[in-house]
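What follows is a set of notes on a single structure, which appears directly below.
Taken together, the values in this text are just the output of simple stated rules run on the coordinates, not laboratory data. This structure is a prediction, so every number in the text was calculated from the model and none was measured. Note that each Cβ is placed from the backbone with ideal geometry, even for glycine, and that neighbours are counted across all protein chains shown.
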Amino acid sequence: MLDDIWVDEAVFALRPDFAVLVMTAYDLRNGPTDDRSRAWLAEAAEQPVQTEKIDAWKDAYRAFGAKPQKTRPSVDALTRRLPLPEINQAVDAYNSISVKHALPIGGEDLDRYVGPARLLRAGGGEESEEALGQPEPGEVIWRDDLGVTCRRWNWRQGARTRLTEETTNAIFLLERLEPMSLEELKEAGEELADLLTELSPEVRITTRVVSDGK
């Protein structure tokens, strides 16, 4: 699964500095928010807002015609929500890392995917959930063989593949633009892996960075 995930050249043409750290986590034990994951969220909420990183994502949205003040990049929307929302332990884990590093992160149920995840620009007519709405031509989307899993790069994920308390196999997508370095991206991935391992000592984690030309 990890090796089959890809990013279309049209996305790199839009933002050559884009990279995504893809992480799979097998044998994950998720559960409702508890004191431990609540503390992760509280600590992340105390971090200063890293405006330059968020502004880079706003620029990326404008590049494909989206209005970031109307449909905000996920990390921008998340940093505006204080206290941070409590969803479940695994989501709390990646949301805390997202806010700490000003890094958009998506987490989804790997068993609900049909075919590999891929990031591309919409051609129009892609299958999409009613709640997500129909992507506009040229919009950057994540999708699998069944249809759209996340619209406008990282604005809104679909319900079909979302992480739930019953999820046992998950995929996490950590999306980087400059000024974040690739080194910090990898550090954020290691921090998320540590939190997931704290939740599930038996979890099996693998990672891969996909960047321009790789």
Relative contact order, percent, the stretch 1-135 [alpha-carbon distance under 8 Å, six or more residues apart]: 36
Within the stretch 104-175: Cβ-based charge dipole about Cα centre, in debye rounded to nearest 20 (Lys, Arg +1; Asp, Glu -1): 260
Net length gained if the chain between residue 114 and residue 134 were fully extended (0.36 nm per residue, minus Cα distance): 5.3 nm
Kyte-Doolittle mean at least -1.0 and Cα axial length at least 24 Å: DSSP H helices in the chain: 182-199
Size of charge dipole - the chain - debye, nearest 20, with Cβ of Lys, Arg +1 and Asp, Glu -1, no other charges: 720
Anisotropy class of the stretch 57-161 from Cα gyration tensor, a/c 1.5 cut: oblate
Contour excess over end-to-end distance, with Cα ends at residue 184 and residue 6 and 0.36 nm allotted per residue: 62.0 nm
The stretch 119-214: C-alpha gyration tensor shape, a/c 1.5 cut-off, then a/b vs b/c: oblate
